[in-house]
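Quick note: the coordinates plus some simple rules give every number you see, no bench work behind them. Please read these numbers as outputs of a predicted model, since none were measured by experiment. Every residue, glycine as well, gets a Cβ built from its backbone with ideal geometry; the counts of neighbours run over all protein chains shown.
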């Protein structure tokens with residue numbers, strides 16, 4: 001099996017490479033979340049690596065080796081426009097909001113809209129309400145958030161980086177969905193290859209290539 | 001100030017520009033293999049003699065002038081390599097790309113001979129640990145691909161070339177999986193071979209594929225360069241990044257980050273350019289660690305990268321980015337640490353292109369004034385970059401003075417506080433003492449005189465007689 005350009009495919013049948021991008025407003029705890037997941041510490045000052053914005057995690061899921069690359073993004077409003085550069089070719093996105101901050105939830109909703117518009121159903125989304133340890137100050141309604149997540153085909157989780165609650169489960173569930181998605185895509189591609197090989201209408205494939213070329217030219221234009 | 005002159009270390013020394021013949025005083029030319037015109041003629045005539053037999057065979061076989069020339073010059077490159085091994089000279093930089101070309105068109109492998117040699121030397125220790133045959137096979141494969149692509153480089157569009165190069169990368173992977181001589185290598189070794197092959201190919205094709213005339217790259221370079229020059233007033237505060245510009249340690253790290261990102265332009269292969277970006281980002285993370293005492297998150301990192309990019313104003317920034325995103329192995333640009341940093345650099349450039357009053361937290365009119373150059377805000381950094389050492393020292397010392405003044409004020413206020421405390425303490429003790437004295441007043445009584453029993457005193461005579469014990 002050859003390595004394909006589209007991110008999370010099998011690397012020589014040995015395992016899967018997934019890119020997960022973390023999106024959300026500043027100060028909702030994106031970095032703490034991923035640092036807790038990868039290094040199991042809450043205070044970022046205790047992290048062993050030099051940086052806490054690009055982290056790797058290896059796990060084994062249903063007998064497959066999965067390699068997660070987690071990309072943190074800058075949450076400040078003025079960097080919002082740079083989103084497409086980061087989430088390009090990612091397999092999953094974690095949209096973090098702060099349960100005590102309604103605005104951050106609205107921001108997460110905006111990200112969902114944008115991602116669904118730009119990447120369609122190819123990307124697995126997870127909406128995460130962080131800082132659940134501050135339950136007393138919670139302002140975002142859990143039921144509404146869950147309903148919203150279901151309506152856009154995303155999972156919803158409540159986590160606390162401080163208490164290390166719900167994070168492992170959240171990433172595990174996301175991995176499962178990304179794996180399913182990757183396998184589905186691989187099957188589709190094989191079917192398409194088979195069709196292309198069987199039928200004399202090879203032109204269909206050429207058209208697909210043309211689309212890819214358009215995408216790549218768009219990519220170089222935006223950088 | 002020209003951005004190229006800003007780096008703390010010059011990138012090309014004069015010695016490197018001189019003719020490769022040590023005894024010659026003239027300047028060398030990259031297209032003449034690093035020789036001056038005189039020395040090259042001598043060398044070429046010698047090479048032509050030794051290779052003439054081969055060339056005749058080849059000419060009679062193909063009858064094609066261009067490929068014949070390229071064949072002979074690859075022989076020339078072999079000769080050159082031999083000579084270089086004898087003299088052990090430092091590789092030269094390809095500076096004069098647009099100078100008049102030599103009479104016969106040279107193949108890009110010859111032109112890149114010195115860089116290739118450097119690449120070989122860098123990887124020599126690696127290939128010593130594995131089969132020498134592998135290196136030869138890779139080099140041969142690469143050369144055939146390079147010749148194929150170089151022949152069509154001027155005819156095809158960039159997108160087509162991009163596809164072709166990516167195809168070559170895939171072929172290389174397949175070859176390494178299929179061929180016997182590679183079967184003994186581990187996955188990591190294969191990966192390193194692959195990187196070597198990619199670097200080999202792109203080092204050769206650099207001149208034809210970097211900033212090709214069919215694209216708008218050059219214009220975009222100029223636009224972004226001017227844009228960054230206009231934004232030279234932006235400092236760390238505007239970007240809300242935690243770089244304290246006066247601290248010597250931080251400044252050193254900023255300098256090294258800038259040097260790394262500037263060196264991106266002189267690297268030839270996309271992978272090498274990418275590792276310049278990685279090293280630049282590493283320096284940024286180190287300086288953020290100094291600044292805040294812990295690993296940086298993306299919230300801090302991106303502003304710092306934007307700051308460094310603005311202050312470095314790397315030459316041919318857009319061309320470099322496009323070159324990497326077109327001709328670097330796609331897999332390396334999708335996942336991995338390097339991909340993340342490269343994406344951040346793209347993000348930083350895109351932010352710089354779209355920078356507005358809002359993004360630097362300034363009111364519109366102030367932003368316009370700065371952009372038009374009517375008003376120049378004071379910045380320690382700018383004076384440092386203008387090579388005005390004394391200005392920098394003054395600024396630094398002013399900061400130190402301010403700091404001292406503050407500390408002095410602190411000391412003074414603490415001293416007066418202490419003074420007041422002492423006074424209060426004194427009062428307190430005094431009042432307490434007074435109270436005590438009042439409680440137990442000191443009354444002086446007249447001194448009693450001792451009675452002298454044995455003296456002749458009328459008083460003692462009135463006393464009763466001593467009791468006599470009765471037996």
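Worth pointing out:
- Rounded FRET efficiency, nearest 0.05, which uses the C-beta distance separating residue A:80 from residue A:102 and R0 of 25 Å: 0.90
- Residue ranges B:219-225, A:88-94, B:359-365 sort as A:88-94, B:219-225, B:359-365 when ordered by packing (mean number of other C-beta atoms within 10 Å per residue, highest first).
- Prolate/oblate/rounded label for region A:16-182 (Cα gyration tensor, a/c 1.5): rounded
- Of the peptides B:282-289, B:399-406, B:207-214, the ranking by mean beta-carbon count within 10 Å, highest at the top, reads B:282-289, B:207-214, B:399-406.
- Using the Cβ-Cβ distance between residue A:186 and residue B:133 with R0 set to 41 Å, the FRET efficiency from 1/(1 + (r/R0)^6) comes to roughly 0.70.
- The tail of the calculated P(r) for region B:311-381 beyond 21 Å holds 44 percent of all Cα-Cα pairs.
- Label point 7 Å beyond Cα of residue B:184 along Cβ direction - residues of region B:113-149 with amide nitrogen under 13 Å: B:128-135
- Area projected by the alpha carbon convex hull of region B:145-225, averaged over all directions, nm²: 6.5 nm²
- Neighbour-count order for B:146, B:375, fewest beta carbons within 10 angstrom listed first: B:375, B:146
- Geometric descriptor of region B:271-322, per residue, is 83 Å³ (volume of the convex hull of the Cα atoms).
- Region B:408-448-region A:87-159 distance, computed between alpha-carbon centres (Å): 68 Å
- When both bridge partners sit in region A:16-182, DSSP labels roughly 30% of those beta bridges antiparallel.
- Inter-chain Cβ neighbour average for residues B:327-338, partner chain, 10 Å: 5
- Residue B:470 versus residue B:140: modelled label distance in nm, points set 7 Å from Cα along the beta carbon direction: 15.2 nm
- Simple spin-label estimate for residue B:191 and residue B:376 in nanometres, 7 Å along Cα-Cβ: 4.9 nm
- Each label point was placed 7 Å from the Cα along the Cα-to-Cβ direction; for residue A:114 and residue B:361 their separation is 2.1 nm.
- Cβ-based exposure ranking for A:80, B:145, B:419, in which fewest neighbours within 10 Å come first: B:419, A:80, B:145
- Global geometry of region B:217-385, whether rounded, prolate or oblate, following the gyration tensor of its Cα atoms and the 1.5 cut on a/c: oblate
- The ranking of B:429, B:467, B:130, A:85 from fewest to most other beta carbons within 10 Å of each one's beta carbon is B:467, B:429, B:130, A:85.
- Modelled FRET efficiency - R0 45 Å, residue B:252 with residue B:428, Cβ distances, 0.05 increments: 0.25
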